[in-house]
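Enquirer: Got a structure for you, questions after.
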Amino acid sequence: MWHIRAFGELDVLTLEEIYRLRTAVFVVEQECAYQEVDGVDPQCIHIYKTDDTGIIAYLRIVQGNPVSIGRVIVREDRRGTGLGQELMNQAMEYVHTHFKGERIYLHGQAHLEKFYQSFGFRTTSEVHLEDGIPHLDMEYKEG
């Protein structure tokens, strides 16, 4: 089941599960020591999918200036199933409804460039390292 929640709508158990998943992927799996809980979550819309095992896909939309999509995750045991495509479709539907005409930014891992381009994002930077992982800046603008 898909969920779209503002930070204040997340119960403490769901928030803990989100933080656990993000830490498992971005800190442990990718071996990046950084402050994962960054203080930005209260300004975000959190989109995630659950099944009987818990959260299996997640991202956040930062409602700032600029609006951006980040922390895009599919749980390791669910990768390669099309769930990432579903997750980004949920995000883009939300963006089309709530941020029509605005530029949407994304700072993504370089190996996912074609994936994000398939949703209309265009690359706006050269590849650069962040926490030892190649990244790109990308943006989306309707029209």
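The values are calculated or read from the model by the stated rules, or taken from the named source; none is laboratory data. Keep in mind that what you see is a predicted model, and the values were worked out from it rather than measured. Because the Cβ atoms are built from the backbone with ideal geometry, glycine has one as well, and the counts that use them run over all protein chains shown. In case anyone asks, the SASA skips ligands and DNA or RNA and just uses the protein heavy atoms, side chains included. Shrake-Rupley method; radii C 1.70, N 1.55, O 1.52, S 1.80 Å.
Enquirer: Once every DSSP H run of n ≥ 4 in the chain is given -39500 (n - 2.57) and the sum is divided by its residues, what mean residue ellipticity at 222 nm do you get, rounded to the nearest 500 deg cm²/dmol?
Expert: -6500 deg cm²/dmol
Enquirer: Same structure, new question: Rank by packing, highest mean first: peptides 91-101, 56-66, with packing defined as the count of other Cβ atoms within 10 Å averaged across residues.
Expert: 56-66, 91-101
Enquirer: Give me the 1.4 Å probe accessible area per residue for the chain, excluding ligands and nucleic acids, in Å².
Expert: Dividing the accessible area of the chain by its residue count gives 54 Å².
Enquirer: May I pose another question? Percent of accessible area on the chain owned by carbon and sulfur, 1.4 Å probe?
Expert: 51
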